[in-house]
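I have placed the structure first, in the form of structure tokens, so that the comments after it can refer back to it.
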């Protein structure tokens, strides 16, 4: 049976296909090289042709009528609709934006076992910013909560604009992630936090920049306030972010118990600081690596599976499903060569296998570096990444040795939480320890379907260190690279020491 999930939307267009339970996925930005690319139905048809699909047995889309395909009304989570002419005559379903977000968690959880699903993002269908759904994996789920108050992601984006941070046109949503890294550099004003009703915060979110005084003056009216070098701004940002975390916790606590099986998705589910607090309170919480709009086609696929009463899809190879394969796997000789360079302090690009689903590099489209170098973060910023100095880098760590270095006793496969580094270890790995002593950790177990596991194992054998600094293989303002040609152009343009593409190796001389 051939099932198709489609999201065109306003940005991050993607399509997913299931052929008898095996899933393929493509995101148009990887094929065009344009970050957050918005495609058209021609992209969907192109992918179906590339995948050799001539017959579809079911189609589901989430559109919110952004492209004229249709939308669910307030209170509708899904509905059967007339076929979309450009996609053929197969039975067709329209899926609510936030419901598709929640259903997209199926590669990391059995949706039939979920008791609640939370979605929080900039704007879903019917102006929703927050949605809560009970029994999301059932054929008749229950809409528990729909809220149109303001999004904390949009607030962080607004702060980024006031800081005059750079973002290519159409990529303004990236500003929230840039601001998130800066919040670790200030001190939280607990008296200010106690003065705010966090449960009622949603309607007042934007007031923090434009109306609410901070130390006697409204921020927007204070000259040069929104500057990272301003200590008062850093304290304000840390305090506002603490309020956003408390507001999110209060929202979850209103509907969920700590023992419940919960899914959380939407753009705001990319905030690793708030995620960490949620994971600690809700041990059965699941968050997918593709929780933003780039995963909506997967949620649409799951709606089809549920309504048609089919078995669970295969998750083999997840999250390395992006349609941009690098054909040859690295040999042991190739890995040994990379390890030798890494141990010398070199910056190494790693383009292997299929690309990751989601915005984070998880070992197949990565830049790696030895995290023991005290100037490592600055060198990487200056020579290759050219990004804001306050933004941290993550780490790929062998699962079995993670507790020795971080306050983390379970898996963190998708780099979705910011965890404390053990104090006695922080000086040993300065390039990945953030200002607040935390690190975004990706654990790789022995069954991880990525060559990064073998690379870190060999690096450990060579140096004794069970981890590498990991950041995405891309240039500022571009998506993660999908082709060898893109990687070669990048290597020629920046001062990266080596690039490994399968077993093809480029090493900078001199």
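Go through the residues of segment 113-128 one by one and say whether even a single one is without any contact (Cβ under 8 Å) to a residue 12 or more places away in the chain, more than 18 Å from the chain's Cα centre (by Cα) and farther than 28 Å from residue 261 by Cβ.
Within segment 113-128, not a single residue is without any contact (Cβ under 8 Å) to a residue 12 or more places away in the chain, more than 18 Å from the chain's Cα centre (by Cα) and farther than 28 Å from residue 261 by Cβ.
Within segment 334-348, can you find the residues that are surrounded by fewer than 17 Cβ atoms within 10 Å (Cβ to Cβ) and either in contact (Cβ under 8 Å) with a residue 40 or more places away in the chain or in contact with a strand residue (DSSP E or B) (Cβ under 9 Å, 6 or more places away or on another chain) (or both)?
336, 340, 343, 345
Quick one: count up the residues across segment 45-59 that are surrounded by 13 or more Cβ atoms within 10 Å (Cβ to Cβ) and part of a loop (DSSP other than H, G, I, E, B).
Counting residues in segment 45-59 that are surrounded by 13 or more Cβ atoms within 10 Å (Cβ to Cβ) and part of a loop (DSSP other than H, G, I, E, B) gives 4.
Give segment 371-391 a look and list any residue that's in contact with a strand residue (DSSP E or B) (Cβ under 7 Å, 6 or more places away or on another chain) and closer than 15 Å to residue 468 by Cα, or say none.
Hits for segment 371-391 are 371, 376, 380.
What are the residue pairs meeting all of these: first residue in segment 215-237, first residue without any contact (Cβ under 8 Å) to a residue 40 or more places away in the chain and assigned by TED's automatic domain parsing to the domain that holds residue 186, second residue loosely packed, with under 12 Cβ neighbours inside 10 Å and in a loop (DSSP other than H, G, I, E, B), Cβ atoms under 7 Å, and 6 or more apart or on different chains?
Within 7 Å, the pairs are 230/224; 232/215.
Take residues that are at negative phi and crowded, with 19+ Cβ neighbours inside 10 Å and tell me which of the strands (runs of 3 or more DSSP E) falling wholly in segment 89-162 contain 3 or more.
Strands (runs of 3 or more DSSP E) meeting the threshold: 92-95, 116-120, 130-134.
As an exercise: evaluate residue 199 against (1) farther than 17 Å from residue 157 by Cβ; (2) without any contact (Cβ under 8 Å) to a residue 60 or more places away in the chain; (3) under 29 Å from the mean Cα position of the chain (by Cα); (4) crowded, with 18+ Cβ neighbours inside 10 Å and give the number of the one condition it does not meet.
(4)
The values are calculated or read from the model by the stated rules, or taken from the named source; none is laboratory data. Please read all numbers here as calculations on a predicted model, not as lab measurements. Virtual Cβ from ideal backbone geometry, glycine too; neighbours counted across all protein chains shown.
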